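Here's the structure, in structure tokens; my notes come after.
The values are calculated or read from the model by the stated rules, or taken from the named source; none is laboratory data. As the structure is a computational prediction, the values presented were derived from the model and not from experiment. Don't worry about glycine lacking a Cβ; one is built from the backbone with ideal geometry, like all the others, and counts go over all protein chains shown.
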Amino acid sequence: MEWIIRLFAGLTATFALVGFWGVSEPTPPPPTPTPVTTLITLPIAPETVPTTTLPIPADALCPQWWALAREAGWTDDLLPTLDYVMWRESRCQPEAHNTTLNRDGSADVGLTQINDRSWCLGTRWYPGGYLQTIGVLPTVGCEQLFDPYLNLLSAKAIHDYAQQTNGNGWQPWKL
């Protein structure tokens, strides 16, 4: 029984040393916030957007589509080749629709003649269509590719995909 008394005495001393029995350091009050007396306004720098673009060359084949292509994300260094692709594929006609020349029965649509089976119809990898899956086309189907802006936007996405996967963005157009 004596060992219980010693244990109790040891625990009491230990608790007293660490301040367990309610003796603790008073916590200082939180600092009082300093009131703001002056409002400082800093000027906001306007966004700098490059306004210089290369002029459309006099020998451009589809000059009417260059400004729209820039809006769709095409850079000046890619525009001469895109110009050639639009001329070769559709003669610059956004309503161009090839339904007979592909052996597999697929169709090519719009300015850049985007292949429906490859890019905007469902596949086993992209059941909703590749361009729809990445958010370029809003609905399933390829009819939207007759819109020149959506066609150029889609062509840019296809170019970027080919550039990332095989190092040649123009490969889908056999260049």
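Can you tell me how many residues within the stretch 134-149 are in contact with a Gly (Cβ under 9 Å, 6 or more places away or on another chain) and touching a residue at least 40 places away in the same chain (Cβ under 8 Å)?
Within the stretch 134-149, residues that are in contact with a Gly (Cβ under 9 Å, 6 or more places away or on another chain) and touching a residue at least 40 places away in the same chain (Cβ under 8 Å) number 3.
Would you mention how many residues in the stretch 157-174 are more than 17 Å from Arg88 (Cα to Cα) and either assigned to a helix (DSSP H, G or I) or at pLDDT below 95 (or both)?
Qualifying residue count for the region: 9.
Select from the stretch 116-175 the residues that are among the small types (Gly, Ala, Ser) and in contact with a strand residue (DSSP E or B) (Cβ under 6 Å, 6 or more places away or on another chain) and list them in ascending order.
Matches in the stretch 116-175: Ser154 only.
Within the stretch 75-126, restricting attention to residues that are aromatic (Phe, Trp, Tyr) and touching a helix residue (DSSP H, G or I) at 6+ places or on another chain (Cβ under 6 Å), which residue is nearest to Thr53 (Cα to Cα)?
Residue satisfying both the conditions and the ranking: Trp119.
Mind telling me which of the residues Leu131, Leu82 ends up being assigned to a helix (DSSP H, G or I), in contact with a Cys (Cβ under 6 Å, 6 or more places away or on another chain), under 16 Å from Ala157 (Cβ atoms) and touching a residue at least 12 places away in the same chain (Cβ under 8 Å)?
Testing whether each residue is assigned to a helix (DSSP H, G or I), in contact with a Cys (Cβ under 6 Å, 6 or more places away or on another chain), under 16 Å from Ala157 (Cβ atoms) and touching a residue at least 12 places away in the same chain (Cβ under 8 Å) leaves just Leu131.
Looking only at the stretch 124-175, which residues are charged (D, E, K, R) and more than 18 Å from the chain's Cα centre (by Cα)?
Passing the criteria: Arg124, Glu143, Asp147, Lys174.
Filter the stretch 137-170 down to residues that are of a type in the set (Gly, Ala, Ser) and surrounded by 16 or more Cβ atoms within 10 Å (Cβ to Cβ) and give me whichever is nearest to Asp77 (Cα to Cα).
Looking at residues that are of a type in the set (Gly, Ala, Ser) and surrounded by 16 or more Cβ atoms within 10 Å (Cβ to Cβ), I get Gly169.
Step by step: first the residues of the stretch 64-92, then only those that are polar (S, T, N, Q) and surrounded by fewer than 14 Cβ atoms within 10 Å (Cβ to Cβ), then the one that is farthest from Pro172 (Cα to Cα). Which residue is that?
The extreme case among them is Gln64.
So which residues in the stretch 108-118 are within 23 Å of Thr81 (Cα to Cα), free of Cβ contacts under 8 Å to residues at least 40 places away in the same chain and part of a helix (DSSP H, G or I)?
Within the stretch 108-118, just Asp116 meets the criteria.
Which members of the stretch 70-105 meet the condition of being of a type in the set (A, V, I, L, M, F, W, C), over 14 Å from Leu145 (Cα atoms) and modelled with pLDDT of 95 or more?
Answer for the stretch 70-105, where residues must be of a type in the set (A, V, I, L, M, F, W, C), over 14 Å from Leu145 (Cα atoms) and modelled with pLDDT of 95 or more: Trp74, Leu78, Leu79, Leu82, Val85, Trp87.
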